[in-house]
Amino acid sequence: MGTNRVQIFDTTLRDGEQVPGCKLNTEQKLIIAEQLDILGVDVIEAGFPVSSPGDFKSVEEISKLVKNATVCGLTRAHKNDIKVAAEALKYAKRPRIHTGIGTSESHIKYKFNTTPDKIIERAVEAVKYAKTFVEDVEFYAEDAGRTDNAFLAQVCTEVVKAGATVLNIPDTTGYCLPEEYGAKIKYLKENVIGVDNVTLSCHCHNDLGLATANAIAGVMNGARQIECTINGIGERAGNTALEEVVMIMKQHPHLNLDTNINTKMLYALSKMVQEKMGMFVQANKAVVGDNAFAHSSGIHQDGVIKNRETYEIMDPADVGVTESAIILTARSGRAALAYRAKNVGYELTKDQLDALYPEFLIYADTKKEVKDEDIHILMEGHNIP
Ligand code: KIV
Ligand code: ZN
């Protein structure tokens with residue numbers, strides 16, 4: 001693996017599925033896991049095996065099914081969680097245990113009612129115990145976003161010594177600014193002993209709408225794994241959206257960061273996850289929303305009809321969308337009307353277009369969108385064959 005390859009760690013089936021109303025059964029999870037494997041993700045976080053018998057079964061079945069990706073199970077820094085996760089992962093070709101503990105002042109004080117030294121002890125013990133089952137152990141420092149950098153580096157150094165292969169630096173509460181999160185990763189790159197032998201991972205939440213920007217800041221500063229979900233689903237305001245970070249890296253080749261993702265599958269997989277989870281994305285959702293490649297104002301439509309690149313920074317085909325949509329509304333111009341009329345079989349002359357256009361505007365003012373059937377009605381009214 002080249003140093004600029006960013007691993008995509010998908011947690012749709014774990015952090016994504018924690019969302020109220022998004023619960024999936026094992027069969028549904030298997031369908032999504034298979035598609036994620038074909039999509040080319042490097043890691044599938046399949047669940048939190050100790051949390052319920054159903055989740056255990058899902059992780060076990062996904063472990064049997066997945067051919068290429070590493071299959072990962074989440075645990076707390078508890079021996080029993082780790083033992084149960086190892087059991088659920090026993091059929092995986094590439095198993096990973098993801099264990100960790102809160103490291104911020106508020107987690108240490110209010111959640112664990114303990115001391116920083118005890119947190120390090122528990123973290124090290126969990127990693128060492130996980131290593132007795134699998135080679136690949138990822139450690140998460142929960143609430144790393146609000147953890148003091150010097151203490152975070154100390155925890156990370158100790159868990160690397162204990163055998164962790166990946167260091168997950170979650171902005172659990174979605175609090176960090178991109179500059180701050182990037183600086184945190186840079187600090188860890190410079191201060192964690194042994195960091196060059198492990199992968200730093202970004203796990204960002206979207207409470208302030210910064211999950212994608214923070215993950216990108218992380219990889220620009222040396223992280224080489226992004227934890228994300230399809231459509232950005234996840235706790236509260238969600239996680240980093242897989243489709244967004246993947247397309248950012250693809251569309252900005254100067255970053256010199258690449259992934260193994262077959263981007264042409266993104267749109268279909270987004271739709272599948274929306275349907276299975278009953279969690280639908282807004283029309284203006286980046287990359288996969290219904291309006292992501294739709295143009296409705298006259299100025300933009302004229303440009304796109306002349307050359308798509310005037311208003312599109314990605315080729316819709318690259319994410320599996322067949323073509324850009326020219327939506328006819330009362331804001332559309334002559335070029336869009338002629339274009340859409342041609343698509344449904346009417347080759348308009350300039351005189352026909354000039355005659356039709358004022359009537360089109362009056363008609364369009366009565367509708368949210370002028371559809372193909374409306375175009376036929378307009379043409380019939382003007383005796384255009
Ligand atoms: O947001 C978070 O901190 C997490 C960890 C459990 C990895 O999801
Ligand atoms: Zn999370």
TODO: From Thr263, Thr259, grab the single residue that is in contact with a strand residue (DSSP E or B) (Cβ under 6 Å, 6 or more places away or on another chain), at pLDDT 95 or above and more than 16 Å from ligand 2 (Cβ to nearest atom).
DONE: Thr259
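Before we move on, is Val134 away from ligand 2 (no atom under 16 Å from the Cβ), open to solvent by less than 50 Å² (accessible area, probe 1.4 Å) and not polar (S, T, N, Q)? Let's see the steps before the verdict.
Working: away from ligand 2 (no atom under 16 Å from the Cβ): yes; open to solvent by less than 50 Å² (accessible area, probe 1.4 Å): yes; not polar (S, T, N, Q): yes.
Criteria met by Val134.
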TODO: State all residues of the stretch 18-58 that are without any contact (Cβ under 8 Å) to a residue 60 or more places away in the chain, open to solvent by 10 Å² or more (accessible area, probe 1.4 Å) and either among the small types (Gly, Ala, Ser) or within 15 Å of ligand 1 (Cβ to nearest atom) (or both); if no residue qualifies, say none.
DONE: Phe48, Val50, Ser51, Ser52, Gly54, Asp55
Open item on the list: Tell me yes or no: at least one residue of the stretch 84-91 is within 22 Å of Asp15 (Cβ to Cβ), assigned to a helix (DSSP H, G or I) and open to solvent by 60 Å² or more (accessible area, probe 1.4 Å).
Closed with: yes
- [ ] Could you tell me whether any residue of the stretch 180-194 is within 14 Å of ligand 1 (Cβ to nearest atom), crowded, with 17+ Cβ neighbours inside 10 Å, within 24 Å of Ala69 (Cα to Cα) and modelled with pLDDT of 95 or more?
- [x] no
TODO: Could you list, in sequence order, all residues of the stretch 130-146 that are of a type outside the set (Gly, Ala, Ser) and part of a strand (DSSP E or B)?
DONE: Asp136, Val137, Glu138, Phe139, Tyr140, Glu142
Task: Near pairs, Cβ below 7 angstrom, 6+ apart or cross-chain, from the stretch 248-262 (touching a residue at least 40 places away in the same chain (Cβ under 8 Å) and over 20 Å from Thr70 (Cβ atoms)) to any residue that is among the β-branched types (Val, Ile, Thr) and surrounded by fewer than 16 Cβ atoms within 10 Å (Cβ to Cβ) - done: Gln251/Ile313
Open item on the list: Return the pair list, or none, for Cβ contacts closer than 6 Å from residues in the stretch 266-280 that are part of a loop (DSSP other than H, G, I, E, B) to residues that are at pLDDT below 95, at least 6 apart or on different chains.
Closed with: Met279/Cys22
TODO: Please find, among Ala217, Ala213, Ala150, the residue that is part of a helix (DSSP H, G or I), open to solvent by 50 Å² or more (accessible area, probe 1.4 Å) and of a type outside the set (Ser, Thr, Tyr).
DONE: Ala150
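Hey, can you tell me all the residues within the stretch 153-172 that are over 21 Å from Met220 (Cα atoms), within 16 Å of ligand 1 (Cβ to nearest atom) and assigned to a loop (DSSP other than H, G, I, E, B)?
Initially, the stretch 153-172 is screened for residues over 21 Å from Met220 (Cα atoms), giving 154-155, 157-164.
The next check asks that each one be within 16 Å of ligand 1 (Cβ to nearest atom); those that pass are 155, 159, 164.
Passing the criteria: only Ala164.
With Val84, Val66 as the choices, which residue is within 30 Å of Asp258 (Cβ to Cβ) and among the hydrophobic types (A, V, I, L, M, F, W, C)?
Details: Val84 fails: within 30 Å of Asp258 (Cβ to Cβ).
Only one candidate passes the filter, namely Val66.
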Open item on the list: Go through (1) closer than 30 Å to Gly232 by Cα; (2) touching a residue at least 40 places away in the same chain (Cβ under 8 Å) for Thr310 and report which single condition fails.
Closed with: (2)
Open item on the list: If I filter the stretch 201-242 down to residues being polar (S, T, N, Q) and over 26 Å from Glu275 (Cβ atoms), which single residue comes out as nearest to ligand 1 (Cβ to nearest atom)?
Closed with: Ser201
Task: Residues of the stretch 220-239 satisfying the condition of being within 14 Å of ligand 2 (Cβ to nearest atom) and either in a loop (DSSP other than H, G, I, E, B) or more than 21 Å from Leu39 (Cα to Cα) (or both) - done: Ile233, Gly234, Glu235, Arg236, Ala237, Gly238
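Rundown of residues vs (1) in contact with a Ser or Thr (Cβ under 7 Å, 6 or more places away or on another chain); (2) more than 14 Å from His382 (Cβ to Cβ), yes/no style:
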position	(1), (2)
Thr310	no, yes
Ile313	no, yes
Ala317	no, yes
Ile327	yes, yes
Ala338	no, no
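Is it the case that Glu243 is open to solvent by less than 40 Å² (accessible area, probe 1.4 Å), charged (D, E, K, R), within 12 Å of ligand 2 (Cβ to nearest atom) and modelled with pLDDT of 95 or more? It would help to see each step written out before you state the result.
Values: open to solvent by less than 40 Å² (accessible area, probe 1.4 Å): yes; charged (D, E, K, R): yes; within 12 Å of ligand 2 (Cβ to nearest atom): no; modelled with pLDDT of 95 or more: yes.
It is false that Glu243 is open to solvent by less than 40 Å² (accessible area, probe 1.4 Å), charged (D, E, K, R), within 12 Å of ligand 2 (Cβ to nearest atom) and modelled with pLDDT of 95 or more.
The values are calculated or read from the model by the stated rules, or taken from the named source; none is laboratory data. Everything quoted here is computed from the prediction, not taken from an experiment. Note that we place each Cβ from the backbone using ideal geometry, even for glycine, and neighbour counts take in every protein chain shown. All accessible areas refer to the heavy atoms of the entire protein, side chains included, with ligands and DNA or RNA removed. Shrake-Rupley method; radii C 1.70, N 1.55, O 1.52, S 1.80 Å.
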